[in-house]
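Participant: Dropping the structure in here first, questions after.
The values are calculated or read from the model by the stated rules, or taken from the named source; none is laboratory data. Here the structure is a predicted model, which means the values were calculated and not measured. Virtual Cβ from ideal backbone geometry, glycine too; neighbours counted across all protein chains shown. These accessible areas exclude ligands, DNA and RNA; they are computed on the full protein's heavy atoms, side chains included. Shrake-Rupley method; radii C 1.70, N 1.55, O 1.52, S 1.80 Å.
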Amino acid sequence: MRIAMWSGPRNLSTAMMYSFGARGDCAVVDEPFYAAYLALTGLEHPMRDEVMASQPQDPEDVITSLTGSLPEGRIQYQKHMSQHMVEGVRRDWIGKVRNVFLIRHPARVIASYAAKRENPTLDDIGFRQQAELFDEAAALGDTPVVVDSHDIREAPEPMLRRLCDEIGIRFDPAMLSWPKGGHPADGVWAAHWYGAVHRSTGFAGPEGPLPRVDGPLRAVMEAAMPCYERLKARALTP
């Protein structure tokens, strides 16, 4: 089984990759379209040159690597940033994988992202693209699953058990912890983005109150809210 986990930045996505990577039957792939995304958009991101050199820049090469056959009983967990699916990257291949959507309240995403890269736009944080991909996966015959990172942090084991049930794999208690210091599958960009999760050995505890978002970023949050709320209405509960 190939699982495509569609997230935005600063959304528990790396911790979820580590969780699945702790399973003995699962290989993980970290943001395989990142270099293609940078090549197609020309955006300046931290460590751009290193990212571009570390991965295929042709999205067709990436798609081929994500959709082939797997040995029986094996799982591949694909950690994707939904904002990487820009014009020039075809999406029909998502009908060949099991699609899951990892969401987080826009206020939390924006506050965390802005601390690493200033002045994020709506396209930077992926909510619009998540909603589009959800609809496209459903149209291709998948039954997409939605899980909220807030709920995972509130109750990791019950939520992971429910998620595994929904996608048709057994729950493995190994998913609740991982070694400190990162994963061999980390992208080269981990040095800039993954500091907190590299210091962790499991999911962080429940989140506090929503951060206040003011100024120009408030408009970004308000634009993201309808997409978040639409997917939140479909999110799993324990």
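Participant: Given N residues in the chain, what is its alpha carbon radius of gyration divided by 2.2 N^0.38 Å?
Facilitator: On the way: Rg = 16.7 Å, N = 238, 2.2 N^0.38 = 17.6 Å.
Output field value: 0.95.
Participant: A follow-up question, please. Using only helices, what value at 222 nm comes out for the chain when you add -39,500 (n - 2.57) per DSSP H run of length 4 or more and divide by the total residues, to the nearest 500 deg cm²/dmol?
Facilitator: On the way: 12 runs with 102 residues, N = 238.
Mean residue ellipticity at 222 nm (helix-derived): -12000 deg cm²/dmol.
Participant: Let a ≥ b ≥ c be the square roots of the eigenvalues of the Cα gyration tensor of segment 107-238; is it rounded (a/c under 1.5), or, if not, prolate (a/b larger than b/c) or oblate? The partial results should precede the final answer.
Facilitator: Numbers: a/c = 1.63, a/b = 1.11, b/c = 1.47.
It comes out oblate by the Cα gyration axes.
Participant: What order, most packed first, do the peptides 121-130, 198-207 have when packing is the mean number of other Cβ atoms within 10 Å of each residue?
Facilitator: With the highest mean Cβ count within 10 Å placed first, the list reads 121-130, 198-207.
Participant: Once label points are set 7 Å from the Cα along Cα→Cβ at both Ala53 and Ala235, what is their separation, rounded to one decimal in nm?
Facilitator: 4.0 nm
Participant: Going by average Cβ density within 10 Å per residue, which order do the peptides 13-21, 81-89, 214-222, 105-113 take, highest to lowest? Let's see the in-between values first.
Facilitator: Details: 13-21: 24.2, 81-89: 18.2, 214-222: 14.1, 105-113: 21.3.
My ranking of the peptides, most packed first, is 13-21, 105-113, 81-89, 214-222.
Participant: Here's something else I'd like to know. Taking R0 as 41 Å, what's the FRET efficiency between Ile167 and Arg218 from their Cβ-Cβ distance, rounded to 0.05?
Facilitator: Details: r = 35 Å, r/R0 = 0.86.
FRET efficiency, Ile167 to Arg218: 0.70.
Participant: Same structure again: Once phi is turned into ³J(HN,Hα) by the Karplus curve 6.51 cos²θ - 1.76 cosθ + 1.60 with θ = phi - 60°, what whole-Hz value does each residue of segment 223-236 show in order, with x for glycine and proline?
Facilitator: 5, 7, 4, x, 5, 4, 5, 5, 6, 4, 5, 9, 5, 5
Participant: Could you list which residues have their amide H under 5 Å from that of Arg2, counting only those 5 or more apart in sequence or on another chain, with H placed in the peptide plane?
Facilitator: Gln76, Arg98
Participant: Still on this structure: Could you work out what % of the accessible surface of segment 48-149 is carbon and sulfur, using a 1.4 angstrom probe and leaving DNA, RNA and ligands out of the count?
Facilitator: It is 46 percent, rounded to a whole number.
Participant: List the aspartates and glutamates whose Cα lies under 14 Å from the Cα of Lys180, skipping any in the same chain that are fewer than 8 positions away.
Facilitator: Result set, ordered by chain and number: empty.
Participant: Here's something else I'd like to know. Residue by residue through segment 2-19, what is 3J(HN,Hα) from phi via Karplus (6.51 cos²θ - 1.76 cosθ + 1.60, θ = phi - 60°)? Round to whole Hz and write x for glycine and proline.
Facilitator: So the J values, rounded to whole Hz, are 10, 10, 9, 9, 9, 9, x, x, 6, 9, 6, 5, 6, 4, 5, 4, 5, 4.
Participant: Extension gain Glu132-Leu70, at 0.36 nm per residue separation less the Cα-Cα distance, in nm? Could you put the intermediate results ahead of the total?
Facilitator: Numbers: separation 62, 0.36 × 62 = 22.32 nm, distance 2.74 nm.
Answer, rounded to one decimal: 19.6 nm.
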